[in-house]
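Single-structure report; data block below.
Just so you know, all these numbers are worked out from the coordinates, no wet-lab data involved. What you see is a predicted model; the values in this text were computed from it and never measured. Quick reminder, even Gly has a Cβ in these numbers, built from the backbone with ideal geometry, and neighbours come from all protein chains shown.
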Amino acid sequence: MSKHSALNTFGRSGNPAFTRNFENAETFSQTERMTLDGAVNKTAILLALCFGGAFAGWNVPALMVPGAIIGFVLALVTIFRSPAKAGSTAPFYAAFQGMALGGITVFAEMQYPGIGIQAIGLTFGILASLLFCYKSGIIKPTENFRLMIFSATMGIALLYLVSFIMSFFGSGIGFIHSNGLFGIGFSVFVVGIAALNLVLDFDFIEDGADKGLPKYMEWYGAFSLMVTLVWLYLEILRLLMKLRSR
Amino acid sequence: MNAVFFGILTILSLFIFMNLGKIKASKKQMDRDDRINWGSKRRSNVQQNREGSKIIEGSAEEVDDSAQK
């Protein structure tokens, strides 16, 4: 007990501004934390924006290319700049990527009517079934699992990049686009890897909520889930197109 | 028929996601030793800051003005 009464009344610092800030900091640490509810709600917002963008892209297919380019740039900004900015970039990413998906789906529908709803149904079906498998503990992501999925994803990305560069020289890796057994097998493999990336996203969100990461990580978790869903949808669409063209 | 089936599948799956997503994962999933350590980079930074900081441990003493006189 101090003999200075001011210290007993106000603590070591009598400045009320400091006292108020410490109280605020305590409130901030308790309420501004990542939760499962928040991450799921933000994913729902991003999905709604993506559907809105897809509606625009469906009606105006010319939006497909700008939507894809802007969406790609926004994804790179969100991943490499700062996860803290995900709250402002992820909604725009979802909307622009939706425009691209809407345009792509229109062209796919022209060739194979009814393929769009099949791809959407299968994408969300895989999302729900893998979420159940994750929550119940049927699929247990480990460090080795993460390493395996990460390596396979990087391998696929590299293969697509090489194929893209080769296409400028009138060449390409034929089997990944073919509708033969090898081409379909490759697409099934890619769909599998894209789907298992969802498990990593679920684990990231669950772990973040468990450890009480900052609130903005809800947006980042929702964004990463959105990126995987977009990739999964495109791969399922590609697989269905290969199957229908046989 | 195709649209109805896949449309119902989409709505049902979204409903499952919205409800199941908010529930904490089972103990079987969470209480494992081989869980992915997502915060390994962040934790190592914190540890590095702790090691690099100069904290002198000791007890605080009150200065009595009358003793100096």
query: Rg and Dmax of region A:175-246, using alpha carbons, in Å: what are they?
result: 15.8, 50
task: Determine the sum of side-chain charges near A:Ile184: Lys and Arg each +1, Asp and Glu each -1, restricted to other residues whose C-beta is under 15 angstrom from that of A:Ile184.
output: +3
- line: Within the under-13-Å Cβ sphere about A:Leu232, not counting A:Leu232, Lys/Arg +1 and Asp/Glu -1 give a net charge of -1
- request: Determine the distance separating the Cα centre of region A:110-133 from the Cα centre of region A:190-209; give it in Å without decimals.
  value: 17
task: Choose one answer from A:Phe51, A:Phe168, A:Phe186: the residue with the largest mean-square fluctuation in a GNM of chain A with alpha-carbon springs under 10 Å.
output: A:Phe168
query: To the nearest 0.05, what FRET efficiency results for A:Ser245 and A:Glu32 with a Förster distance of 35 Å applied to their C-beta separation?
result: 0.10
field: Radius 14 Å from Cβ of A:Pro91, net charge of other residues (Lys, Arg +1; Asp, Glu -1)
entry: +1
statement: Exposure proxy check on A:Glu32, A:Glu206: fewest-to-most Cβ neighbours within 10 Å is A:Glu32, A:Glu206
query: Who wins for biggest fluctuation among A:Val191, A:Val60, A:Val230 in a Gaussian network model of chain A, springs between alpha carbons below 10 Å?
result: A:Val60
field: Helical mean residue ellipticity (222 nm; -39500 (n - 2.57) per DSSP H run of 4+; nearest 500) of chain A
entry: -27500 deg cm²/dmol
query: Which of A:Lys242/B:Lys27; A:Lys215/A:Lys242; A:Lys215/B:Lys27; A:Lys242/B:Lys28 have a Cα-Cα distance over 30 Å?
result: A:Lys242/B:Lys27; A:Lys215/A:Lys242; A:Lys242/B:Lys28
query: Taking Rh as the Kirkwood radius computed over C-alpha pairs, what is the Stokes-Einstein D of chain A at 10 °C in a medium of viscosity 1.306 mPa s, expressed in µm² per second?
result: 78
message: Per-residue Cβ counts within 10 Å, from other chains only, averaged over A:116-123: what number is that?
response: 5
- request: Please report, to one decimal in angstroms, the Kirkwood hydrodynamic radius of region A:85-203 built from all distinct Cα-Cα pairs.
  value: 16.9
